[in-house]
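In what follows, a single structure is set out as structure tokens and then discussed.
Please treat every number below as a calculation from the coordinates, not as lab data. It should be emphasised that the depicted structure is a prediction, and the values quoted were computed from it without experimental measurement. Neighbour counts run over all protein chains shown; Cβ positions are idealised from the backbone, glycine included.
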Amino acid sequence: MLTSALFAGDPLLEAIAQDQDRISRTRHRNDPAVQKVQIALLDRDPDCLPRFGADGDYGDETAGAVARFKVEVLGVPEAEVIDDVGPLTVQKLDEIRAAVENPPVPPVESVVPEDWLLTEAEMGPFRSPAFTLDNLVLFFVDGEAYYDTLAARLDALTAGDRVLFAGWRFSPEQMLRPVVTGSPGILDRLLKLHTDGVVVRALLYGSQFSTLPVRRPRVPTLPSKDNFDFRTALVGAGAQAVLDARVGHFGSHHQKCAVVQGAAEGPCAFVGGIDVCLDRWDNAAHIDPPVRQREPDFLGVKASLPGWHDVQCGVFGPATAQIWQALVQRWNDPTTPSRIDATPVPIPSSEEPGPSPTAGTQAVQVLRTLTCKGVYSFLPGGEFTVTAAYRKAIRRAQHYIYIEDQYLWPSPLVDDLRDATARGVQLILVTARDFDAPGLGDVHKTLRAEALQRIASAAPANVHCFHLEQAATASQVYVHAKLMIVDDQYAAAGSANLNFRSHTTDSELHLGVFDMDLADGTVGGAPHRFGVSVRDLRTQIWGEHLNEDPSLHEDPLVGLGRMPTGGGKIGHLVNFPVPPQVPAVDWREVLRELLRSLQHMENWQLLAPVVFGPLAIPVPLVPDMDLGILADLVPSPESFLRDLLNPNTVC
């Protein structure tokens, strides 16, 4: 019996296979079976019927092709060949056709955590083991889901439990559940926990602004007033809080983390891009509901944004202890944290989180950036495992790299991304449309254009750029996420942006995640193994951005094909081209306006020397002066602003 779909059931071919009939120039010359034979001959040799192809006529060309087939495939001596179609010819052509119709499925590549995560040798002395297994990682997309889960974990704490926060900014009044009438702000929530006997600790970024009497008005891109007020209220109530000003020049503490240790529910940690502060609470709709607590205007300029997209990770499992250790190392460092805070009482090792009652399938790697300028005695040479982990994943990418990033400025990874596109990897970039710092928008566009042009210089067709807007308006949804997903097998999320600052200067905390729960899927229609939670995260985000069913994006290259092109918009997602040229910036004028804005702050005479850093100010700072004139005294405003905004600390 014939087995190929083409031959099976054809009465003439079935009869020939049983040696009960034949096809020749004079017998069944134009039967439908003739064309089927021709198709099978072409499967084996696409050039065997050069003149007429599969035309359904058993003429001289087809007869000659059959004769050659018998010699070359069936091994019939040339002198004994008869150019008709007999049983052996039909049976062999059926076998060839069946193989074409049912090609063997290529073996799916085996994938293990070490393929993506830094190995023990690559991690070096920073953490051991290099990663942990059996974790459950929940990815919270946008602030509402994270805040609600954090609130639930805090509400479950009782006397003797512990919570340790680290953050770039804390707004005392920010509610975790603003949709609930009467919900307390984060400060009041922590003060109540302290009153109830919970050990409350907070490690806040203490910029030099925070440690000066320079706290009004609130400046949205400087956390000084919020953090000072937050710390002062906690310390005043007897809780433990520190303004940590141990940073390099123009650096900051950018980690956004909480470790919650409750006897009832066990330990867990939260790591990502979301501080507990104004503007961060939002959800997938991005419609800016009235309950959302917004940033106040700054000098008459609206600083708040109508939507905020971000990602935070909830970690349950052995990685929690490594996250806790990363924060405790900072807390316990004997170097004085700031001019207003003494070294805090050390956290004992006995408080290290124990086993979690919740287990999962994810391998988790804790990654950091700590500057090499010796701000901490425990690690004077710094740590740059965020960069190392990103570089390994980018270099391993075979199909796609998906990145969400606030900045996309020059960074140590720009050339790695360019090289990935050159080998055919599709690079999908989602970033903020406009900068969130008033007066610095032109500088932001210039830095981004520099990075994008270099990334796209090798294979521009493989670079796809997008930003987000409200679905029904052109109002920006600010992309604050720091996320990378590669080939549906690896995800990295945390506090580190793609710029020099996050990879060389600021303190950052990031996670690399590989899901051991692998399943069979496709990339571009080809078989591919994917991590279940990693693909679920990507499809959730793409579905949110495009206002579509996430299942439409299970194949990432099919999903890419659904995204807008040519400057179009679908849902929240707006395509934009790589800038053809780098925009010109009047660097001195930008610096002038920045300096003038400082004069609206308390005690600006103390603040100005901090901003200028090592540059000496050769004129006295008097109350009625125009601080903007100092811009004329800066030898290179461009270098100064680049160092201020995107410092590249060289070890």
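Run the numbers for THR336 and GLU114: contour at 0.36 nm per residue of separation, minus the present Cα-Cα distance, in nm. Present the calculation step by step, with values, prior to reporting the outcome.
Working: separation 222, 0.36 × 222 = 79.92 nm, distance 3.85 nm.
The THR336-GLU114 span can extend by a further 76.1 nm.
Distance from the alpha carbon centroid of the stretch 271-326 to that of the stretch 396-472 works out to 22 angstrom. Between ALA245 and GLY206, SER338, the built amide H atoms are under 5 Å apart, and every one of these is 5 or more places off in sequence or on another chain. Taking the fewest neighbouring Cβ atoms within 10 Å as the starting point, the ordered list for ILE347, ILE340 is ILE340, ILE347.
If r is the Cβ-Cβ distance from ASP415 to HIS600 and R0 is 56 Å, what FRET efficiency results, to the nearest 0.05?
Details: r = 41 Å, r/R0 = 0.73.
Between ASP415 and HIS600 the formula returns 0.85.
Once both labels are positioned 7 Å from their Cα atoms along Cα-to-Cβ, the gap between VAL100 and ARG395 label points is 4.4 nm. Shape of the stretch 11-101 from the C-alpha gyration tensor: rounded (a/c under 1.5, with a ≥ b ≥ c the square roots of its eigenvalues). Max-minus-min Cα coordinates of the stretch 332-419 on each principal axis give 49, 39, 23 Å, with the largest extent listed first. Here the contact order of the stretch 40-117, divided by its residue count and restricted to Cα pairs under 8 Å and six or more residues apart, works out to 30 percent.
Going by average Cβ neighbours within 10 Å, how do the peptides 177-184, 542-549 rank, with the highest at the top? Provide the component values of the computation, followed by the final result.
Working: 177-184: 13.2, 542-549: 18.6.
Packing order, densest peptide first, comes out as 542-549, 177-184.
So the label point goes 7 Å from the Cα of GLU80 along Cα→C-beta, right? Which residues of the stretch 37-73 then have their backbone N under 19 Å from it? Under cut-off, by backbone N: 66-73. Label-to-label distance for ALA472 and ALA264 is 4.0 nm, based on points extended 7 Å past Cα in the beta-carbon direction. Site pair SER128 and ILE629 shows an inter-label distance of 6.2 nm when each label is modelled 7 Å from Cα along Cα→Cβ. Rounded, prolate or oblate: pick one for the stretch 402-477, where a ≥ b ≥ c are the square roots of the eigenvalues of its C-alpha gyration tensor, a/c under 1.5 means rounded, and failing that, prolate if a/b is larger than b/c, else oblate. Because a/c hits 1.5 or more and a/b fails to exceed b/c, the stretch 402-477 counts as oblate.
The HN-Hα couplings worked out from phi for the stretch 61-66 by the Karplus form 6.51 cos²θ - 1.76 cosθ + 1.60 (θ = phi - 60°) are 5, 5, 4, x, 5, 5 Hz, whole numbers, x standing for Gly and Pro. By the rule of a second cysteine Cβ within less than 4.7 angstrom, the chain holds isolated cysteines at CYS48, CYS257, CYS268, CYS277, CYS313, CYS465.
Would you tally the net charge around ASP45, using a Cβ to Cβ cut-off of less than 10 Å, leaving ASP45 out, and scoring K and R as +1, D and E as -1?
On the way: positive: ARG44, ARG68; negative: ASP43, ASP47, GLU72.
Net local charge, ASP45 excluded: -1.
Taking 0.36 nm per residue of separation and subtracting the Cα-Cα distance, full extension of the segment from VAL558 to PHE378 would add 60.0 nm.
At R0 = 22 Å, how high is the FRET efficiency between ASN575 and ARG454 if r is their beta carbon distance? Nearest 0.05 is fine.
Working: r = 20 Å, r/R0 = 0.91.
My answer for the efficiency is 0.65.
Kindly work out what percent of the DSSP beta bridges joining two residues of the chain are antiparallel, to the nearest 5. Roughly 70 percent of the DSSP beta bridges within the chain come out antiparallel. Does the stretch 138-352 come out rounded, prolate or oblate, given a ≥ b ≥ c as the square roots of the eigenvalues of its C-alpha gyration tensor, rounded meaning a/c under 1.5 and, failing that, prolate meaning a/b above b/c? Oblate is the answer for the stretch 138-352, as a/c is 1.5 or above yet b/c matches or exceeds a/b.
Between the helical axis of 32-44 and the longest alpha-carbon principal axis of the chain there is an angle of about 50 degrees.
What list do you get for PHE131, PHE612 if you sort them by fewest beta carbons within 10 Å?
Working: PHE131 27, PHE612 16.
Fewest-to-most ranking of PHE131, PHE612: PHE612, PHE131.
Would you work out the relative contact order for the stretch 138-352, in percent, from Cα pairs under 8 angstrom that are 6 or more residues apart? The partial results should precede the final answer.
Working: 431 pairs, mean separation 56.7, N = 215.
Relative contact order here is 26 percent.
Given their separation in residues at 0.36 nm each and the Cα-Cα distance between them, ASP155 and ALA584 gain 149.3 nm when the chain is fully extended. Magnitude of the charge dipole for the stretch 587-645, about its Cα centre and with charges confined to Cβ atoms of Lys, Arg (+1) and Asp, Glu (-1), is about 100 debye. Here LYS392 is the anchor, and the lysines within straight C-alpha reach of less than 30 Å, apart from those fewer than 8 places off in the same chain, are LYS256, LYS373, LYS445, LYS482.
Working from Cα pairs under 8 Å separated by at least six residues, relative contact order for the chain is 13 percent.
Return the label of the correct value of percent of Cα pairs over 50 Å apart, as calculated from the structure shown, out of [x] 38; [y] 26; [z] 11. After the calculation, the listed value that fits is [y]. Each 10 Å bin from zero holds the following percent of Cα-Cα pairs in the stretch 369-408: 25, 36, 26, 12, 0.
The sum of -39500 (n - 2.57) across all DSSP H runs of n ≥ 4, divided by the residue count of the chain, sets its helix-only mean residue ellipticity at 222 nm to -9000 deg cm²/dmol.
Got a sec? How would ARG330, ARG231 order by Cβ neighbour count within 10 Å, fewest to most? Numbers along the way, then the final one.
Values: ARG330 23, ARG231 26.
Going from least to most buried by this count: ARG330, ARG231.
Between the Cα long axis of helix 224-236 and the first principal axis of the chain there is an angle of about 70°, rounded to the nearest 10.
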